[in-house]
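One structure is given below, encoded as structure tokens.
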Amino acid sequence: MVKRDKVVTKNLNLWFGDNHVLKDVDIGIEENKVTAVIGPSGCGKSTFLRCLNRMNDLIDTTRITGKVLFDGEDVYNNRMDVVDLRRRVGMVFQKPNPFPKSVFENVAYGLRIQGIRYGIHEKVEKALRSAVLWDEVKNRLNISALSLSGGQQQRLCIARALACEPEVILMDEPCSALDPTATAKIEELLFTLKERYTICIVTHNMQQAARVSDYAAFLLLGELVEFNDTNKIFTNPKDKRTEDYITGRFG
Amino acid sequence: MTKEIFIKRFFLFFALLSIFFLAGIVFVLFKEGISLFTRVNIIDFLFGKSWYPTHTPAEFGILPLILGSLLVTAGALVVAVPLGIGSAIYVSEIAKPGIRDVIKPLLEILAGVPSVVYGFFGMVIFAPFIQNLFNLPTGLTAFTASVILGIMALPTIASIAEDAISSVPVSFKEASLSLGATKWETIVRVIVPSAMSGISTAIILGMGRAIGETMTVLMVAGGSAIIPHTFFQPVRAMTATIAAEMGETVVGSMHYQSLFAIAIVLFMLTLTFNIIADFISQKFKKKMTGGL
Amino acid sequence: MKKRKLKQIIGFSLLRISVSIAIFALFSILYFIVVRGAGVINLEFFTSMPREGMTEGGILPAILGTFYLAIGAILFALPLSVFAAIYLSEYARQGRLIRVIRLGVNNLAGVPSVVFGLFGLAVFVKFFGFGVSIISGALTLGILILPTIIRASEEALLAVPRSFREASLALGATKWQTIRRAVLPSATPGILTGAILGVGRAAGETAPILFTAATFFITRLPSSIFDEVQALPYHIYALMTEGTHPDLQVPIAYGTALILISLVLLINLVAITIRYRIRKEKRW
Ligand SMILES: Nc1ncnc2c1ncn2[C@@H]1O[C@H](COP(=O)(O)OP(=O)(O)OP(=O)(O)O)[C@@H](O)[C@H]1O
Ligand SMILES: [Mg+2]
């Protein structure tokens, strides 16, 4: 079977004002695999992730050079419809961020803004099932999403993203605000999700990266130091800096 | 996409309305007031000592009115600045949460009392009290107006100063306390100096509020358009002159024009205060975020 | 050490005295107006017209007039302010334009109220030919409260967490969909608070309506927005400075002041309560 990269970056550079945050990042994110991005705090992991669905556009001082290819098409091309791109690329944030609406309305949000009128119920249920949240909330879809636990809220946010039927899901430290049980649930979820979606996840937790990902990319001060099979990165890193980082010898 | 741009322009239009109205005010004041200066010398207008707009020949010297405004405003600040800042410090640094939750709304209520009610209270209660206390021929004096106006400006100053004081980082306070300073020393040496630009903004805005206030000075200050010599005599402020006389003027007459000309002076003064206040708070913002 | 302690005690006492004076001032104003105004007030005071050249009767026209003016002002100012605030908080990027707009809003807030009156006189009364009328007064008051509501609305919009906007945009919502569905619903209580405060402010202002809307004495209630009106704040002023029977007019002024102050305080109290609730419940 031929490997197929869903998202590819080429010479991706990004500045916030004078701060050069990403430096010549070249990476290929393979379809139906989990790619983990690791690296010390402030190295640009979140920024990298937000390049892929152009969320950095929201920051006034952003300047970007290089390419981000989504199915071969440059997302920073003028002809690219950002709104459509973001629908095709789902995102889950570090802190669960449900809207102050009901559980149901949270999941239906993406459908409603697309003007979908019919079959919303089925789609919401499907998304909640995919996020393994259905059984916990099926009898109380009308309660406020804010009354769910942190782990449930995060799975709700995943369901909200899934309801739009994205092709790629970006996750920025989705478990950092959760306890071990909730984390385990989400990790389990990743295994089932990757059958249908391409996933890119940022994490601080080395064990988590080793457990869930097929590929791992190590970023340091905005540079892509090493990118390889997760196994190889963790058992036989080529770069000294990678080794230092994953063994915890790094600041 | 074009729809989004249209929506953005739509909102921009409304955002620009404030400037449009401000410009409109300037335009109107000048349009209605400027022709006065074809017949009255600007120097005579600003520094003339007599205001007899209805006499023949009429005299349009507004120096007494300017001095009246300044005197009452200065007096108001003497009352409002220490009390306002004192209240702000008390609320943000000393009051226990329960007490603070009572006092803050009370100060907001004080700010919400309509100015005509202050004027009314000044006229019926406070002026007679002052008259008896100091044995004056009338209680309607610059002093009376200053006190009332000071109480009015107090909550304005207190609220802005309190914002400034509570935004002083806790770490400053802790550093000072950990060095063995008392709470009072910390307030005087660390907190107030750190909040100084916010406090200055508060004072300047309070000043703007006092000089632009109309009903209170109209009702309480007495209304004599003569150059004041003491605090305990009736004075007439610029705002009060406009309010009291506009009703009797003939549209387009020199008297009408002269009242708009006074408004130009008043507008310029408050504009200056506001720009200074804006400048200070802008600088302050830079200082607080620039270091990060 | 003792000296330093003493200094602190004296300092704290001075601060306490400052607050006490402020609170004392508030309560003495309320005390006199309540005690002397309460005696005048009865049902007839609310529901009847003034009689005998303002020396007898009620203040119905002034109550209604203030109601019309304040409602008119907010109907005019609220949409304009909310639209302006949406631009400032959602669309504007840091830069010269936004600096200029902010300066405009801040300076408009600092314009003396009597100057608004002159503006209204020259523009609405004269230029547009609305005459001394409800519409002239309401528009003048509307411009006066514009900055208050813009600021409150902007604050309410800015208090909506960034994460709501990001979540919505990341789901493929357009900017406008995000504002309408994810931002505005959460900002509504705060915007309402601003609007209520604006109504309170408009109801209490006198100087802007002196030459644009208010009259001392009318014999019939206004029947259109082009009629002049009585208004509570102006009525107090007029009772104190016009007319020929101060002895009979002052008690009516007390009653009017009590009604005006109760109205304004009630409005403020509602706004403060809503805001307090919002802050406490901050569900995100
Ligand atoms: N909105 C912003 N404006 C300006 N600079 C920013 C902004 N967001 C991030 N940065 C800067 O970009 C750099 C990379 O930040 P980023 O958030 O991508 O790091 P990260 O690797 O995700 O860190 P963490 O693990 O702590 O989340 C940092 O130096 C940060 O200061
Ligand atoms: Mg991050």
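Quick rundown of the values:
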{"read-out": "Odd one out for A:R87, checked against (1) within 16 Å of ligand 1 (Cβ to nearest atom); (2) in contact (Cβ under 8 Å) with a residue 60 or more places away in the chain; (3) of a type outside the set (F, W, Y); (4) within 24 Å of C:I179 (Cα to Cα)", "value": "(1)"}
{"read-out": "Members of the stretch A:34-55 that are out of contact with any Ser or Thr (no Cβ under 7 Å at 6 or more places or on another chain) and away from ligand 2 (no atom under 16 Å from the Cβ)", "value": "A:R54"}
{"read-out": "Filter pass, C:L146 being at the interface with another protein chain (Cβ under 10 Å from one of its Cβ atoms), under 24 Å from C:R102 (Cα atoms) and not small (G, A, S)", "value": "yes"}
{"read-out": "Whichever residue in the stretch A:205-222 is within 16 Å of ligand 1 (Cβ to nearest atom) and out of contact with any Gly (no Cβ under 9 Å at 6 or more places or on another chain) and, among such residues, is most open to solvent (accessible area, probe 1.4 Å)", "value": "A:N205"}
{"read-out": "Residue list for the stretch A:156-210, restricted to those being in contact with an Asp or Glu (Cβ under 9 Å, 6 or more places away or on another chain) and within 16 Å of ligand 2 (Cβ to nearest atom)", "value": "A:C175, A:I201, A:V202, A:T203, A:H204, A:N205, A:Q208"}
{"read-out": "Complete set of residues in the stretch B:72-83 that are in contact (Cβ under 8 Å) with a residue 24 or more places away in the chain and open to solvent by 40 Å² or more (accessible area, probe 1.4 Å)", "value": "B:A74, B:V78"}
{"read-out": "Residue check, A:L58 away from ligand 2 (no atom under 16 Å from the Cβ) and either surrounded by fewer than 21 Cβ atoms within 10 Å (Cβ to Cβ) or facing chain C (nearest Cβ under 10 Å) (or both)", "value": "no"}
{"read-out": "Of all residues making up the stretch C:13-33, the number that are surrounded by fewer than 15 Cβ atoms within 10 Å (Cβ to Cβ) and either within 7 Å of another protein chain (Cβ to nearest Cβ) or in contact with a Leu (Cβ under 8 Å, 6 or more places away or on another chain) (or both)", "value": "1"}
{"read-out": "All strands (runs of 3 or more DSSP E) inside the stretch A:1-66 with 1 or more residues being without any contact (Cβ under 8 Å) to a residue 60 or more places away in the chain", "value": "A:5-16, A:19-30"}
{"read-out": "Qualifying residue in the stretch A:7-22 (condition: surrounded by fewer than 21 Cβ atoms within 10 Å (Cβ to Cβ), under 17 Å from the mean Cα position of the chain (by Cα) and more than 8 Å from ligand 1 (Cβ to nearest atom))", "value": "yes"}
{"read-out": "Matching entry among A:G39, A:G66 (being surrounded by 17 or more Cβ atoms within 10 Å (Cβ to Cβ), small (G, A, S), closer than 30 Å to C:Q94 by Cβ and more than 14 Å from ligand 1 (Cβ to nearest atom))", "value": "A:G66"}
{"read-out": "Set C:L75, C:L103, C:L64: member being modelled with pLDDT under 95, more than 8 Å from chain B (Cβ to nearest Cβ) and open to solvent by 10 Å² or more (accessible area, probe 1.4 Å)", "value": "C:L64"}
{"read-out": "Those residues of the stretch C:131-142 which are outside any helix (DSSP H, G or I) and within 11 Å of chain B (Cβ to nearest Cβ), in sequence order", "value": "C:V132"}
{"read-out": "Residue check for C:L171: facing another protein chain (nearest Cβ under 9 Å), under 30 Å from A:L156 (Cα atoms) and not β-branched (V, I, T)", "value": "yes"}
{"read-out": "Those helices (runs of 4 or more DSSP H) lying entirely in the stretch C:143-247 with at least 3 residues within 30 Å of C:I33 (Cβ to Cβ)", "value": "C:184-204, C:207-210, C:232-241"}
{"read-out": "Hey, B:L71 out of contact with any Lys or Arg (no Cβ under 9 Å at 6 or more places or on another chain) and outside any loop (DSSP other than H, G, I, E, B) or not", "value": "yes"}
{"read-out": "Candidate set: the stretch A:211-236, residues that are among the charged types (D, E, K, R) and in contact with a strand residue (DSSP E or B) (Cβ under 8 Å, 6 or more places away or on another chain); chosen: the one nearest to ligand 2 (Cβ to nearest atom)", "value": "A:E223"}
{"read-out": "Qualifying residue in the stretch B:211-221 (condition: open to solvent by 20 Å² or more (accessible area, probe 1.4 Å) and more than 10 Å from every other protein chain (Cβ to nearest Cβ))", "value": "no"}
{"read-out": "Of residues in the stretch A:159-182 being within 11 Å of another protein chain (Cβ to nearest Cβ) and charged (D, E, K, R), the one nearest to ligand 1 (Cβ to nearest atom)", "value": "A:D172"}
{"read-out": "Selection count, the stretch B:157-180, where residues are over 18 Å from B:A80 (Cα atoms) and open to solvent by less than 30 Å² (accessible area, probe 1.4 Å)", "value": "2"}
{"read-out": "Number of the exception - C:Q94 against (1) open to solvent by 10 Å² or more (accessible area, probe 1.4 Å); (2) under 26 Å from the mean Cα position of the chain (by Cα)", "value": "(2)"}
{"read-out": "Residues located in the stretch A:81-126, provided they are open to solvent by less than 30 Å² (accessible area, probe 1.4 Å), within 10 Å of another protein chain (Cβ to nearest Cβ) and in contact with a strand residue (DSSP E or B) (Cβ under 8 Å, 6 or more places away or on another chain)", "value": "A:L85, A:V89, A:G90, A:M91, A:V92, A:F93"}
{"read-out": "Failed condition for C:I225, given (1) open to solvent by 40 Å² or more (accessible area, probe 1.4 Å); (2) modelled with pLDDT of 90 or more", "value": "(2)"}
{"read-out": "Subset tally (residues that are over 18 Å from the mean Cα position of the chain (by Cα) and more than 16 Å from ligand 1 (Cβ to nearest atom)) for the stretch A:230-248", "value": "13"}
{"read-out": "Meets criteria (crowded, with 21+ Cβ neighbours inside 10 Å, in contact (Cβ under 8 Å) with a residue 60 or more places away in the chain and within 23 Å of A:N11 (Cβ to Cβ)) for A:L162", "value": "no"}
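Conditions tested, residue by residue: (1) hydrophobic (A, V, I, L, M, F, W, C); (2) within 11 Å of chain B (Cβ to nearest Cβ); (3) within 28 Å of C:I135 (Cβ to Cβ).
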{"residue": "C:V229", "(1), (2), (3)": "yes, no, yes"}
{"residue": "C:Y234", "(1), (2), (3)": "no, yes, yes"}
{"residue": "C:G243", "(1), (2), (3)": "no, no, yes"}
{"residue": "C:P246", "(1), (2), (3)": "no, yes, no"}
{"residue": "C:V250", "(1), (2), (3)": "yes, yes, no"}
{"residue": "C:A253", "(1), (2), (3)": "yes, yes, yes"}
{"residue": "C:L266", "(1), (2), (3)": "yes, yes, yes"}
{"residue": "C:I272", "(1), (2), (3)": "yes, yes, no"}
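Rundown of residues vs (1) modelled with pLDDT under 95; (2) within 14 Å of chain C (Cβ to nearest Cβ); (3) surrounded by fewer than 20 Cβ atoms within 10 Å (Cβ to Cβ); (4) not in a helix (DSSP H, G or I), yes/no style:
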| position | (1), (2), (3), (4) |
| --- | --- |
| B:G24 | no, yes, yes, no |
| B:V28 | no, yes, no, no |
| B:I43 | yes, no, yes, no |
| B:L110 | yes, yes, no, no |
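The values are calculated or read from the model by the stated rules, or taken from the named source; none is laboratory data. Remember, predicted model here, so these are calculated numbers, not experimental data. All Cβ positions, even for glycine, are placed from backbone atoms using ideal geometry, and neighbour counts span all protein chains on display. When the accessible area is computed, the model is the full protein with side chains, heavy atoms only, and any ligands, DNA or RNA have been set aside. Shrake-Rupley method; radii C 1.70, N 1.55, O 1.52, S 1.80 Å.
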